[in-house]
Amino acid sequence: MKGRVRRTTARVRRTGRVRRAALPYLLLLPALLLELLIHLVPMAMGIAMSFRQLTQFFIRDWSRAPWTGFDNYELAVDINKPVGEALLGSFFTTCLFTLLSVGLCWFLGTAAAVFMQETFRGRGVLRALFLIPYALPGYAAVITWAFMFQRDNGLVNHVLHDQLGIGGAEHTFWLLGDNSFWALLTVSVWKGWPFAFLIVMAALQNIPKDLYEAAALDGAGIWQQIRRITLPSVGAVNQVLILVLFLWTFNDFTTPFVMFGKSAPPAADLISIHIYQSSFVTWNFGTGSAMSVLLLLFLLVVTAGYLIFTTRGRRKADG
Amino acid sequence: MRRTRAVAVTAVTVSMLAAATACGGGTADNGSGSNTAPKELTYWASNQGPDIAADQATLGPELKKFEEQTGIKVKLEVVPWADLLNRILAATASGQGPDVLNIGNTWSSSLQATGALLPWDAKNFDAIGGRSRFVDSAIGSAGAAGKDPAAVPLYSMSYALYYNKKMFQEAGIEKPPATWDEMVTIGQKLSKDGKWALGAEGSNLSNNIHQAFVFSQQHGANFFDAGGKPTFDTPENVDAVKQYVDLMAKDKIIAPGNAEYDKNQSLSDFASGKTAMVLWQSAASSFKSHGMKEGDWGVAPVPVPAGGAPGAGKNTNSMVAGINMAVFKNTDNLDGSLKFVKFMTGDEEQKLLNKTYGSIPPVKAAQTDPAFANADLTVLRNTLSTSAAPLPQVPEESQFETAVGTAVKELFADAAAGRPVTTDSVKAKLTKAQQQMQK
């Protein structure tokens with residue numbers, strides 16, 4: 001009698017566990033279906049388009065566009081011809097841009113978050129202030145920057161040249177030529193670092209205070225504490241943070257588009273806007289799709305490689 | 001743990017993949033002109049006035065009038081210029097567009113090639129009173145030669161030289177320059193003390209194209225040959241583009257800062273007396289909205305090569321600018337759409353709308369109205385009828401605007417930064433632009 005009761009409770013518990021285990025997946029199902037519908041279907045269409053000669057003659061019914069095999073891809077990667085050469089140039093620009101932007105965002109965010117761990121007067125105000133760029137609508141923020149970077153009437157030149165006397169009396173162009181890269185980077189970092197700040201700050205809350213106290217007792221200085229306690233403790237968060245920043249920056253369209261319109265100066269010709277121009281502005285949707293697929297493959301490899309590398313590295317550190 | 005990470009990797013990459021490749025699909029929709037919804041129309045109007053609200057205020061009562069006459073309700077959407085082409089492309093690809101829409105007349109052939117617009121054959125023209133009601137040059141900018149036009153002209157515009165009378169007076173200059181040599185001489189007199197002779201929009205691709213086109217015509221050249229092949233980097237075109245950019249690079253009568261203008265800043269510079277002249281189309285209403293009074297500015301034809309007077313051929317001094325009206329082929333209210341086009345291109349509406357917008361009616365009967373005989377509009381009208389040419393009516397026109405417009409923008413950037421603009425550097429940019437045209 002006793003035994004039966006126990007068996008029954010066990011069965012009930014087991015079915016309960018199965019049901020509970022299935023529930024999250026069940027709840028995810030609608031989202032998954034929608035994901036398939038709104039993401040995978042257009043993606044499949046994008047890939048299909050990349051094998052077609054899709055110009056203005058066929059956009060009304062792209063399924064009629066003639067197949068071209070890998071022509072679009074050949075055009076995109078042939079670096080001896082202008083299209084491929086420009087794409088490669090834009091790719092390198094984007095890589096350098098992303099590296100600098102993500103690095104700066106992460107560094108500024110982390111530094112500010114560490115700094116904000118101390119309690120002091122006005123901390124709340126400062127915190128809120130730091131988060132403003134993150135809260136502003138992207139378009140409005142970037143267009144304000146575009147105005148500030150204007151050569152003749154912009155605030156940047158007014159402060160630099162007229163008030164601080166840096167660079168002489170002649171105003172600098174920020175939206176044209178090589179400087180456009182630095183202008184774009186400034187806006188990108190300004191927009192991106194509060195997110196890093198927010199995430200790292202959240203992660204820091206989880207580190208037990210006594211770890212620092214124990215370390216201090218053992219004679220560890222502030223740098224040692226940051227290196228041995230803070231950074232390893234936020235490792236998992238950093239992994240995701242850097243990946244997300246990387247993807248956002250690499251694919252960022254709003255910032256360059258609002259700053260430069262549909263054709264960015266060569267020095268600031270990021271890949272997203274380059275592809276936009278190659279497909280939507282010049283009406284070569286097939287070539288644009290092929291470039292998108294190439295970009296996607298690149299991001300796929302980088303992301304997978306990054307995740308494998310960082311996960312293995314961390315597991316070793318954890319063990 | 002491992003599995004969740006794998007799932008996360010997949011999820012991230014999938015959404016990335018989607019973001020990178022999702023560039024709109026199309027549906028196979030071969031519907032053409034039925035009458036299943038005869039009492040309703042959607043109309044996309046281009047933004048013509050100072051802002052969208054002004055256009056709504058102008059067009060609203062007219063659409064009401066149309067509804068009273070025909071019982072057809074028109075749903076109006078005014079689309080900003082910068083969005084219009086993308087919106088039309090999206091509508092073309094999805095088949096979900098308005099019934100009637102405005103297009104920039106330079107896009108006529110590009111959009112004609114999509115096959116989405118109703119061709120204006122004799123029958124359709126008859127429904128709106130016949131093709132002969134329209135000025136020839138306006139019809140010439142409504143589609144490729146030898147084909148039925150893809151649209152009907154609605155507002156016509158041309159370029160003119162606007163000059164600040166007071167600044168001219170103060171510099172002791174009696175009349176506006178008629179040739180480019182005079183432009184440079186006068187310009188150098190005016191460019192001093194932080195003021196400049198001529199305004200430009202160096203980062204505005206369309207404007208760059210319009211100017212480059214006129215210079216190209218004046219050098220006896222074309223950007224496309226008779227077979228529709230691009231000929232961007234011929235010696236004549238190189239000279240033409242160089243002459244335009246040299247107004248900043250060599251002659252120094254355009255302020256270097258104008259190289260980054262693309263939001264009509266040169267018009268506010270003109271209105272505030274910073275620059276003495278601009279080459280623009282139908283600018284009167286913009287000047288007024290910037291606080292200038294009628295009579296503060298004068299209007300003259302765009303300069304031509306030395307010794308000439310505006311006319312056809314080498315003395316062409318404007319593109320045929322304007323807005324056309326098109327009907328989407330798959331409209332479910334074909335009759336209503338034709339009625340609406342007839343209404344908008346009718347003599348009375350033409351007079352009223354063109355007066356409001358400061359443009360010229362492309363309808364002959366409306367043009368004779370005395371309202372279009374004032375000094376400003378007479379210059380624009382004469383230009384349109386005697387010395388304006390339509391931009392190349394080829395399917396690749398839209399690509400051409402981007403490719404060559406960007407080349408000119410980069411040359412202006414060089415000029416502004418003090419880098420040399422030479423025949424070789426101009427040729428290199430134009431060659432690159434030409435190679436980007438994929439055939």
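The values are calculated or read from the model by the stated rules, or taken from the named source; none is laboratory data. Please read these numbers as outputs of a predicted model, since none were measured by experiment. No Cβ is skipped: glycine too gets one built from the backbone with ideal geometry, and neighbour counts run over all protein chains shown. The protein model used for the area step is the full one, side chains on, heavy atoms only, and it has no ligands, DNA or RNA in it. Shrake-Rupley method; radii C 1.70, N 1.55, O 1.52, S 1.80 Å.
Comparing A:ASN206, A:HIS158, A:GLY235 along the charge dipole axis of the stretch A:123-271, the residue lying farthest to the positive side is A:ASN206, per the Cβ-charge model.
Judged by the gyration tensor of its Cα atoms, with axes a ≥ b ≥ c, the stretch A:200-253 is prolate; a/c meets the 1.5 cut and a/b is the larger of a/b and b/c.
With protein chains left intact and a 1.4 Å probe, residues in the stretch B:231-379 average 33 Å² of accessible area per residue. In chain B, helical runs assigned H by DSSP with n ≥ 4 each contribute -39500 (n - 2.57); averaged across all residues and rounded to the nearest 500, the mean residue ellipticity at 222 nm is -13500 deg cm²/dmol. Inter-chain Cβ neighbour count for B:253-264, averaged per residue, equals 4 (cutoff 10 Å, partner chain atoms only). Could you tell me what percent of the accessible area of the protein assembly as shown is made up of carbon and sulfur, with a 1.4 Å probe and every protein chain present? Here it works out to 60 percent. The A and B chains share an interface that buries close to 4900 Å² of accessible area, total over both sides, probe 1.4 Å. Residues of the stretch A:234-250 whose accessible area (probe 1.4 Å, heavy atoms of protein chains only) drops by at least 20 Å² once all protein chains are present, relative to their chain alone: A:LEU247. Extending 7 Å from Cα along the Cβ direction at B:LYS229 and again at A:SER233 yields two label points whose distance is 7.1 nm. Legend: mean number of C-beta atoms from other chains within 10 angstrom of residue C-beta atoms, peptide A:170-177, equals 5. B:GLU294: net charge of surrounding residues, Cβ under 15 Å, Lys/Arg +1, Asp/Glu -1, itself excluded? Charge balance in the 15 Å sphere: +3.
When the square roots of the Cα gyration tensor eigenvalues are ordered a ≥ b ≥ c, the ratio a/c for chain B is 1.5 or more and a/b does not exceed b/c, which makes its shape oblate.
Modelled this way, with points 7 Å down the Cα-to-C-beta line, the labels at B:SER34 and A:TYR139 are 3.5 nm from one another. Among A:PRO30, A:PRO265, A:PRO133, which one shows the biggest mean-square fluctuation in a GNM of chain A, springs joining Cα atoms closer than 10 Å? Ranking A:PRO30, A:PRO265, A:PRO133 by mean-square fluctuation puts A:PRO30 first.
Qualifying GluC sites (Glu not before Pro) in the stretch A:47-151, where qualification requires a DSSP coil assignment and no more than 10 other C-beta atoms within 10 Å, comprise A:GLU118. Cα centroid separation, the stretch A:136-212 to the stretch B:71-147: 44 Å. For B:ALA306, the shell of other residues with beta-carbons less than 10 Å away shows a net charge of -2, using +1 for Lys and Arg and -1 for Asp and Glu. Does any residue of the stretch B:112-138 lose at least 10 Å² of accessible area with all protein chains in place compared with its chain alone, and if so which ones (probe 1.4 Å)? Residues meeting the cut-off: B:ALA113, B:THR114, B:GLY115, B:ALA116.
Given their separation in residues at 0.36 nm each and the Cα-Cα distance between them, B:GLN188 and B:ALA371 gain 62.3 nm when the chain is fully extended.
Seen from A:GLY261, the other residues with C-beta closer than 15 Å to its C-beta sum to a net charge of -4, counting Lys and Arg as +1 and Asp and Glu as -1.
Per residue, how much accessible surface does chain A expose to a 1.4 Å probe? Answer in Å², no decimals. Ligands and nucleic acids excluded, the result is 56 Å² per residue.
Hydrophobic, long helices, defined as DSSP H runs whose alpha-carbon span along the helix axis is 18 Å or greater and whose mean Kyte-Doolittle value is at least 0.0, occur in chain B at B:2-21, B:81-94, B:397-416. Comparing Cα centroids, the stretch A:44-95 and the stretch B:361-439 end up 28 angstrom apart.
Label-to-label distance, B:GLU348 versus B:ALA171, with points set 7 angstrom from Cα along the beta-carbon direction: 4.7 nm.
Pairs B:LYS165/B:LYS351; B:LYS73/B:LYS288; B:LYS165/B:LYS252; B:LYS195/B:LYS427; B:LYS165/B:LYS364; B:LYS195/B:LYS409: which exceed 25 Å Cα-Cα? Going by Cα-Cα distance, B:LYS165/B:LYS351; B:LYS73/B:LYS288; B:LYS195/B:LYS427; B:LYS165/B:LYS364 fall outside the 25 Å limit. Let a ≥ b ≥ c be the square roots of the eigenvalues of the Cα gyration tensor of the stretch B:319-439; is it rounded (a/c under 1.5), or, if not, prolate (a/b larger than b/c) or oblate? Judged from the Cα gyration tensor, the stretch B:319-439 comes out oblate (a/c at least 1.5, b/c at or above a/b). The protection proxy used here, the mean number of other Cβ atoms lying within 10 Å of each residue, ranks peptides B:56-62, B:181-187 as follows, highest first: B:181-187, B:56-62.
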